[in-house]
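To start, the structure under review is shown below, and the notes come after it.
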Amino acid sequence: MSTTITKPTKTSRESFTSIVGTMNALVYHGPGKKSWEQKPKPTILEPTDALVRILKTTICGTDLHIMKGDVPEVVDGRIIGHEGVGIIEETGTAVSNFKKGDHVLISCITSCGKCEYCKRGMYSHCEKGGWILGHLIDGTQAEFVRIPYADNSLYPIPAGSDEEALVMLSDILPTGFECGVLNGKVQPGSSVAIVGSGPIGLAALLTAQFYSPAQLIVIDPDDNRLEVAKKFGATHLINNAKEDVIKKVMEITGKGVDTAIEAVGIPATFELCTSIVAPGGVVANIGVHGKSVELHLEKLWSHNITITTRLVDTVTTPMLLKTVQSKKLDSKKLITHRFALNDIIKAYDTFQNAAREKALKVILTNE
Ligand SMILES: NC(=O)c1ccc[n+]([C@@H]2O[C@H](COP(=O)([O-])OP(=O)(O)OC[C@H]3O[C@@H](n4cnc5c(N)ncnc54)[C@H](O)[C@@H]3O)[C@@H](O)[C@H]2O)c1
Ligand SMILES: [Zn+2]
Ligand SMILES: [Zn+2]
């Protein structure tokens, strides 16, 4: 890879120090089209930016939505990806928490830390950030990435950490925990049903166990994923392609579940959650929905239930990092496949055929 030094300009002091050149990246070219190709290496654009050399990244179910064309604001030419760990290559003049050479965890949510939403802990609705990486700005499935508001959007990785395990903290663990477990008010001794046993449902399953619920029922039509859920601590499994799920949940709980976590993102699974929640319970939606859903208020109005929605804020990342560091949470077990970053097209193929390949999370290493 060739590198040259840019000439200083009057308007951007930062560009004087930026090393420019090219890099390889996974680029979206409209629905169904992607390629691993050369792109200009990113540079520092704002004093609050950091330039990170990617060490490890992964693919998210949301990237598959993008590839299908379900996220129309993603433009042709965009580098995809919003998860990963890396090393700081360069920092803007206003970055004070990090310096060149620091190992960092990249949050899928960019947050300025200063706006009203950031101050309320709703980083996902940051007025200057939110989910922008690999969406509205270039992302992490590349050799380098520019991270805006680096002080608040990156987390230091303690020396000796297992960096693969930490990639699970960029998105899926905080998502399962915040949108599913915290919003779902999982309590000691309570009953929980998780509909959807993909990486997000499994992240909810792992983090729900912080609270020792009595019953953890996992529902999915894929027997392989149910088997994984069993290994990860599910107390009951229901294959809803083969079994009468409402009847079975009532047999297990007597009254329905205290928390029903929706981790699929289709009308049928949301409606299922509202059918199995007990009076006084919570339906915690995690899934990204593309279609409207029927809400049976004629049955639910008197049941004192709560329905929650949330875009992950990643405010719990520092706490989750400690649980992974101390081995209270084994996030590495979500990883099923490993590839070199430049084999990313093959990795997409594996991830896209998750049921056939028995894939959960794939790790891509920038060798
Ligand atoms: N709210 C947020 O901030 C946020 C963040 C990340 C992801 N998400 C969303 O979370 C959802 C889950 O993500 P994932 O990566 O685990 O997805 P995934 O596609 O890997 O897993 C979905 C699982 O649901 C199962 N499933 C499909 N149909 C089902 C049905 N009728 N009943 C029960 N299970 C069914 C599948 O077999 C699969 O195991 C997606 O909609 C994703 O976009 C939301
Ligand atoms: Zn994601
Ligand atoms: Zn903000």
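Miscellaneous remarks
- Annotation: Cα Rg of the range 31-78 relative to the compact-globule expectation 2.2 N^0.38 Å equals 1.40.
- For the range 215-367, Kirkwood radius (reciprocal of mean inverse C-alpha pair distance, Å): 17.8 Å
- The range 69-110, accessible surface, carbon-and-sulfur percent (1.4 angstrom probe): 48 percent
- Helix-only arithmetic for the chain: the sum of -39500 (n - 2.57) across DSSP H runs with n ≥ 4, divided by the residue total, places the mean residue ellipticity at 222 nm at -6000 deg cm²/dmol.
- Set of lysines near residue 34 by C-alpha distance (under 29 Å), chain-local residues within fewer than 8 positions excluded: 56, 68, 128, 291, 332, 333, 346, 358, 361
- Volume per residue that the Cα convex hull of the chain spans, once the total is divided by residue count, Å³: 135 Å³
- Each of the peptides 297-305, 136-144, 30-38, 237-245 was scored by the mean count of other Cβ atoms within 10 Å over its residues; in descending order, highest first, they stand as 136-144, 237-245, 30-38, 297-305.
- Mean accessible surface per residue for the chain, computed with a 1.4 Å probe while every protein chain stays in place, in Å²: 44 Å²
- A full extension of the chain between residue 73 and residue 119 corresponds to an added length of 13.9 nm, given 0.36 nm per residue minus the alpha carbon distance.
- Annotation: extensible slack from residue 358 through residue 296 equals 18.8 nm (criterion: 0.36 nm per residue apart, minus Cα-Cα distance).
- Peptides 81-92, 118-129, ordered by how many other C-beta atoms sit within 10 Å of their residues on average, highest first, read 81-92, 118-129.
- Separation of the range 291-367 and the range 123-146, taken as the distance between their Cα centroids, equals 18 angstrom.
- Residue 45/residue 349 FRET efficiency (R0 30 Å; Cβ-Cβ; nearest 0.05): 0.35
- Long-range tail of P(r) for the range 290-360 (Cα pairs > 15 Å, %): 75 percent
- Rg over Rh [alpha-carbon atoms, Kirkwood Rh] for the range 80-132: 1.00
- Rounded Å value of the spacing that divides the Cα centres of the range 159-220 and the range 54-95: 23 Å
- Relative compactness, the range 155-211, computed as alpha-carbon Rg over 2.2 N^0.38 Å: 1.24
The values are calculated or read from the model by the stated rules, or taken from the named source; none is laboratory data. All values reported here derive from a predicted model rather than from experimental measurement. Virtual Cβ from ideal backbone geometry, glycine too; neighbours counted across all protein chains shown. Surface areas here come from the heavy atoms of the whole protein model, side chains and all, with no ligands, DNA or RNA. Shrake-Rupley method; radii C 1.70, N 1.55, O 1.52, S 1.80 Å.
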